[in-house]
1. Mind sorting 229, 442 by how few other Cβ atoms lie within 10 Å of their own Cβ, fewest first?
2. Post the alpha-carbon centroid distance, segment 79-96 to segment 344-358, in whole angstrom.
3. Pull up the DSSP beta bridges for segment 368-459 and report the antiparallel fraction as a percent, rounded to 5.
4. For residue 131 paired with residue 101, estimate the spin-label separation in nm (one decimal), with each label point 7 Å from Cα along the Cα-to-Cβ line.
5. Using the basic label-point model (7 angstrom from Cα toward the beta carbon), what is the residue 381 to residue 92 distance in nanometres?
6. Residue 205 to residue 307: FRET efficiency via 1/(1 + (r/R0)^6), r the Cβ-Cβ distance, R0 22 Å, to the nearest 0.05?
7. Taking 0.36 nm per intervening residue step and subtracting the Cα-Cα distance, what contour gain separates residue 423 from residue 364 on full extension?
8. Work out the FRET efficiency for residue 314 and residue 175 from their Cβ-Cβ distance, taking R0 = 45 Å, and round it to the nearest 0.05.
Amino acid sequence: MINIAIVGRPNVGKSAIFNRLANRKIAIVHDQPGVTRDRIAAPCALTETPCTIIDTGGIGAKLDDGFLDQVTIEADIAMDTADLILFVVDSREGLSHIETELALKLRKAKHPILLLLNKADHAEQEAQLGDFSRMGFGAGIPVSAEHGRGFHELISKIEDVIQPIATERAEKMADAEEHVAREGLKIAIVGKPNAGKSSLINAILKDERTIVSEIAGTTRDAVDVPYEYADEQHTLIDTAGLRQRSKMDTSVEVFSAMRTEKSIRRSDICLLVIDLEAGISAMDRKIAQVIQKEHKPCLIILNKWDLFHPGMQRSERLEKAEKQIRTELFFLSYAPFAAVSAKEGQHISQVFGQLTKIREASKETITTGALNRLLQDAFELKPPSIHKKFRKRVKLLYATAVVNDRYTAIPVPSYILFVNDKRLMQENYEQYLSNRIREKYYAPAIPIVFSVRSRNRSKS
């Protein structure tokens, strides 16, 4: 969806413009500066091209840090999240110091900006509006939100900007869908030596394409193996078994490990193969940490299931296995698991069954409004502690979820948190926020990635 942010100092008519574009009264219109404290979003009712308008209230609200800090917050948020920025000024009051400062920030934006000269109720006022052109956004568009004057020209200008963006995105989406149908998933099979990675691929393929041996380290290179499933051409990336660097006795092993790490980075999802009979080792944890560091979706494969407490009931075995991996690999708590026996060909269908569920769940995205309500509730329920060094508490100003522009078959959103000072965000509180998101919007196998940004870029 295309986003259009409305920015400007207090009482210039941002909310009135927002309401007219939405064709209904949503934002509160009042003469008191700073009435709009929260950011309100709604579909634009006047454009042919679907888009969302965002009323970025709050510039000039009475905050301890003063006007200019708040100007920075609003400009940064608009530049980071909007495809088009509507910069609103009061045509009757003339150019102010706050608008000059805001213009300095907005000129750094990569996205287009339309200058709106609001409260231009009469044609004779337009002759006196040349002063605003000094900000570098052209002569501006005279409008009157109260009377609807100038909105026909405004909508035409908005369409000129957003229609090509919408067309380009539709083409990219069509190309991406065709790309997925052709290539499917890139699946990295990772694990320590002799965990059963090659056996798993053989079980999936139902042949002996890869070399299976009891000798640790048989697979030296990362090998791409094509596999067709459900009319998609997937790529199984068979990787060398990772060992601790100190135990690598040849340069070949070192380079194999480097290629394995590269394979993790280029994959859509990792299958972490664990030798369940041997138990989870320090090397298993190390490999899991590489997956976590690269922010990759992960499915844990508990291999050699047939040898794990075979005398117990299946439900008891599953409970025991899950307790073990959740204790030892607690930092991969988001990763579901499948218990299989690659050698015996048991429960192999679970692997792609789980992958299908993971892909479907990854399509569900949280809206900006729902995300902000969820996180604000989390902050109120459990306020962050005061940072020992800086003697301050982190404050959340705004949040949005962004998916990387590079298309991936299983997208991992980045949750951008705009805060007063990113240095105040503590790791345990990030984990708390992550847990709250998972409680409400559980996406199996998908990591939660935060990008915490300060209101002042010098602190970022």
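Read-outs throughout are calculated quantities, based only on the coordinates presented, and are distinct from any laboratory measurement. Note that the structure is predicted; figures quoted are calculated from it, not measured. Neighbour counts are summed over all protein chains in view; Cβ atoms, including those assigned to glycine, are modelled from backbone coordinates with ideal geometry.
1. Ascending number of Cβ neighbours within 10 Å: 442, 229.
2. Cα centroid to Cα centroid, the span is 53 Å.
3. Percentage antiparallel, nearest 5: 55.
4. Placing both labels 7 Å beyond Cα along the Cβ direction yields 1.9 nm.
5. Placing both labels 7 Å beyond Cα along the Cβ direction yields 4.7 nm.
6. Numbers: r = 22 Å, r/R0 = 1.02.
So the FRET efficiency works out to roughly 0.45.
7. 18.1 nm
8. Working: r = 45 Å, r/R0 = 1.00.
It comes to 0.50.
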